[in-house]
Amino acid sequence: MRTIEWTDGAIEIIDQTALPAAERRLRLSTVDEVVDAIRRLAVRGAPAIGVAGGLGVAIAARQYAGDPAGLAAAVQRLEHARPTAVNLARGVRMAAAALPEGPEAVLKAALELLDAEVSASQSMAQRGADLVGELCGAAPRMLTHCNTGGLATVTGGTALGVITELFHRGRLGGVIASETRPLLQGARLTAWELGRLGIPYRVAVDGAGPFLMARGEVDAVIVGADRICANGDVVNKVGTYAHALGARAAGIPFLVVAPESTVDNATASGADVAIEDRPDREVLEFSGAPVTPAGAAAVNPAFDVTPCHLVTAIVTDERVIRPAG
């Protein structure tokens, strides 16, 4: 199953905001619809929004044919729909580089990006499973955070792709999916994907992760990334840093799996990354119902930065990086 496709002149995605209650596909045929889908997390995950951004440029090339100013503005809106994941801007720029050659060239570039992400998922799964076996031996028990499967890429996934490969090899001892507050990407999306794959799992509240590691119930933490800085700092869903600290205290590997397209050598460290702040209501409400007193305020960073010295290894589709070494 591909969670993002180009069909008859439009982007088709699985609406991640509807899961797990409903499996609903959305058809995005305008730039406004693509930007809205990215901002409200109907499509999310660094590789997936990179592909959506590239295909969005293909839509823009058709929608704004003969309107250079409108086209330029549309490309800017796509590029800046969300600020933290490097893949979005990269995907938009790669597709936009073909604009002088016409709409068909833009679409070709965007579809090549989609195919590259599929291939990257396959490579990361193999390389990552090999590394986990090297570090943890047979049947490791893994903890993962947020959602890093096909929903976050196109198919396969990053960290969840490695978990799936371990399962297929008969070398997975168990999976704990951290729920991932406030929007529950782990409880809603990762659990949904694991269930479809037939992989047994348990869901834990985010704060339980470090204690479960200390209690000896986790052999390795494995996560994805929205940006990997030049020094090896990892920007990922908020809550990742706490799991990295827990892994260090427990003496277990903390592994990051992400395609080369997520490596940003132009950004020196996590201190240089603009961290997206999302609306207060995501914290103050649950399913639209208030959970705090009237007038309460929230702080809601979507991502955090895990310093490179806490990272055991970064697995990409091309290599293994060991920043802590």
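Structural remarks
- Positions within the range 281-299 being under 22 Å from the mean Cα position of the chain (by Cα) and part of a loop (DSSP other than H, G, I, E, B), in sequence order: VAL299
- Residue in the range 37-45 that is surrounded by fewer than 17 Cβ atoms within 10 Å (Cβ to Cβ) and either assigned to a helix (DSSP H, G or I) or of a type in the set (A, V, I, L, M) (or both) present: yes
- Some residue of the range 232-255 being under 23 Å from GLY161 (Cα atoms), small (Gly, Ala, Ser), touching a Leu at 6+ places or on another chain (Cβ under 7 Å) and surrounded by 15 or more Cβ atoms within 10 Å (Cβ to Cβ): yes
- Of residues in the range 214-258 being of a type in the set (Lys, Arg) and over 12 Å from the mean Cα position of the chain (by Cα), the one farthest from VAL43 (Cα to Cα): ARG215
- Considering the range 157-179, the residues that are of a type in the set (Gly, Ala, Ser) and crowded, with 24+ Cβ neighbours inside 10 Å include one that is farthest from PRO253 (Cα to Cα), namely GLY157.
- Candidate set from the range 195-219 (those that are crowded, with 22+ Cβ neighbours inside 10 Å and among the aliphatic types (A, V, I, L, M)); member that is nearest to ARG2 (Cα to Cα): VAL218
- Residue within the range 311-319 that is in the same structural domain as LEU184 (by TED's automatic domain parsing), acidic (Asp, Glu) and crowded, with 19+ Cβ neighbours inside 10 Å present: yes
- Residue ranges of helices (runs of 4 or more DSSP H) in the range 181-276 with at least 3 members within 14 Å of THR306 (Cα to Cα): 240-250
- Verdict on GLY70 being outside any helix (DSSP H, G or I) and over 24 Å from VAL256 (Cβ atoms): no
Here is a yes/no grid of residues against (1) closer than 30 Å to PHE254 by Cα; (2) assigned by TED's automatic domain parsing to the domain that holds GLU276; (3) in contact with a strand residue (DSSP E or B) (Cβ under 9 Å, 6 or more places away or on another chain); (4) assigned to a helix (DSSP H, G or I):
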{"position": "GLY56", "(1), (2), (3), (4)": "no, no, yes, yes"}
{"position": "ALA61", "(1), (2), (3), (4)": "no, no, no, yes"}
{"position": "GLU104", "(1), (2), (3), (4)": "no, no, no, yes"}
{"position": "LEU113", "(1), (2), (3), (4)": "yes, no, no, yes"}
{"position": "GLY128", "(1), (2), (3), (4)": "yes, yes, yes, yes"}
{"position": "ASN147", "(1), (2), (3), (4)": "yes, yes, yes, no"}
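- Some residue of the range 256-263 being in contact with a Pro (Cβ under 7 Å, 6 or more places away or on another chain), surrounded by 15 or more Cβ atoms within 10 Å (Cβ to Cβ) and farther than 27 Å from GLY128 by Cβ: no
- Counting the residues of the range 154-173 that are of a type in the set (Val, Ile, Thr), in contact with a helix residue (DSSP H, G or I) (Cβ under 6 Å, 6 or more places away or on another chain) and more than 15 Å from VAL118 (Cβ to Cβ) gives 1.
- Restricting the range 1-26 to residues that are of a type in the set (S, T, N, Q) and within 19 Å of the chain's Cα centre (by Cα), the residue that is surrounded by the fewest Cβ atoms within 10 Å (Cβ to Cβ): THR17
- Residue satisfying condition, being more than 22 Å from PRO279 (Cβ to Cβ) and touching a strand residue (DSSP E or B) at 6+ places or on another chain (Cβ under 8 Å), within set PRO210, PRO253: PRO253
- Conditions (1) free of Cβ contacts under 8 Å to residues at least 24 places away in the same chain; (2) part of a strand (DSSP E or B); number of the one not met by GLY170: (2)
The values are calculated or read from the model by the stated rules, or taken from the named source; none is laboratory data. The structure displayed is predicted, hence computed values, not measured ones. So basically every Cβ, Gly included, is an ideal-geometry build from the backbone, and we count neighbours across all protein chains shown.
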